[in-house]
Amino acid sequence: MWFSVLGSGSRGNAILVGSGDDLILIDCGFAYKTLVARLDALGFTPWDVKAIVLSHLHQDHSQALSPLCKRAGPTIYGTTPTLEGTPALKDKGYLCRGIDFDVPVRIGSMELLAVPAVHDTEGSACFSVSSGGHKLALLLETGRITKAMHGLVNGAQAIVIEANYDPEMLADSVRDGEIPRTVGERIVNGHLRNASAGAFLANGPHEASLAVLTHLSAQRNTPELALEAVMESLAEAGRDMEVEVSLQGEPTPLFDLGAYDAH
């Protein structure tokens, strides 16, 4: 089992997960041509993708949905509020399958489990994907880590986790009038700051040896600040992990979970 973050940020998000001949996309928030180029860079096409799993209904997670469905016909998975609230799915007749929280769903050789995220859209979800004794935890856009998410990381070799903002940069944006205070409050309530991601990776109930930081704000964060905050937390806890940062403009390498098995 392996994965790659095809790109992550406010302008688009998608994660490719594979096991054997089965490929699924977690979100598809890029323009169709961009997504095709990201898949091609890793040696795949849209027709290789068996299913698309939507974490929530925002455009930066679903932009390529309609052209993907028209051309390649993957099955779309999501919670009922997400499927009903995503404009690209309204009255189109695409093949959709609802998922319930805490109920495993089989997609080919992989098992998907969803739990509620703390976000500003109903039905938002975080996931784990398991196959062949390997497990990937996906703690996507969420304002805080909940106890339900502890089950997602239990037994995972890798954790993809949001590190959205630096508090000082966010405070500066609000003070300088770059964003309204209400937007700043929405960010705080619906997204993880760098230190929160670091604290969970350092002290959370998991034995993962790889973390990939995602959804960094282009205006209120930098890759250097996110990585520094997380590595500082890990050092203070005496915990050793490989930490990578996913960027908006390019996919990460393919991470083989077999290489991160506990020894």
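Full extension from A195 to K90: what is 0.36 nm times the residue separation minus their Cα-Cα distance, to one decimal in nm?
On the way: separation 105, 0.36 × 105 = 37.80 nm, distance 3.84 nm.
Result: 34.0 nm gained on full extension.
How big is D, in µm² s⁻¹, for the range 1-97 by Stokes-Einstein at 25 °C and 0.890 mPa s if Rh is the Kirkwood radius over C-alpha pairs?
Working: Rh = 13.0 Å.
Using the Kirkwood radius from Cα pairs, D works out to 188 µm²/s.
Normalising by the residue count of the chain, find the relative contact order in percent from Cα pairs under 8 Å and 6+ residues apart.
On the way: 605 pairs, mean separation 50.4, N = 263.
Relative CO of the chain lands at 19 percent.
Which three numbers, in whole Å and largest first, are the semi-axes of the equivalent ellipsoid of the chain derived from its Cα gyration tensor as √(5λ)? All intermediate terms of the calculation are to be shown ahead of the outcome.
On the way: eigenvalues 140, 101, 58 Å².
Taking √(5λ) for each Cα gyration eigenvalue gives 26, 22, 17 Å.
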Review point. Mind checking which aspartates and glutamates have their C-alpha under 15 Å from K50, skipping anything on the same chain fewer than 8 residues away?
Key: D21, D22, D27, E111
Review point. Classify the range 32-73: rounded, prolate or oblate, from the alpha-carbon gyration tensor (a ≥ b ≥ c, eigenvalue square roots; a/c under 1.5 rounded; otherwise prolate if a/b is larger than b/c)?
Key: prolate
**Study point:** Proximal lysines to K90, defined as alpha-carbon separation beneath 18 angstrom and excluding residues fewer than eight positions away on the same chain
**Key:** K70
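State the antiparallel share, in %, of DSSP beta bridges confined to the range 19-153, rounding to the nearest 5. Write out the running numbers ahead of the final one.
Details: 15 of 24 bridges.
Once the DSSP bridges in the range 19-153 are tallied, antiparallel ones form about 60 percent.
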**Study point:** Distance from the range 76-141 to the range 223-263 (C-alpha centre basis), Å
**Key:** 24
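Given +1 on the Cβ of Lys and Arg, -1 on the Cβ of Asp and Glu, and no further charges, what dipole in debye does the chain carry about its Cα centre, rounded to the nearest 20? Display every interim value, and only then the final one.
Working: 19 positive and 32 negative charges, 179 e Å.
Here the chain has a charge dipole of around 860 debye.
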Point to revise | Nitroxide proxy distance, nm - points 7 Å out along Cα→Cβ at A41 and M169 | key: 2.0
Practice item. With label points built 7 Å along Cα→Cβ from the Cα atoms of R106 and D48, find their separation and express it in nm. Key: 2.5
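Kindly identify the range 70-205 as rounded, prolate or oblate by the Cα gyration tensor criterion: order the square roots of the eigenvalues as a ≥ b ≥ c, call it rounded if a/c is under 1.5, otherwise compare a/b with b/c, prolate if a/b is larger, else oblate.
Values: a/c = 2.58, a/b = 1.31, b/c = 1.97.
Oblate shape, in that a/c is at least 1.5 and b/c is the bigger or equal ratio.
Readers should treat all values here as calculations from the given coordinates under stated rules, not as data from a laboratory. Since this is a predicted model, take the numbers as computed values, not measurements. In this analysis, Cβ positions are derived from the backbone assuming ideal geometry, glycine residues included, and neighbour counts consider all displayed protein chains.
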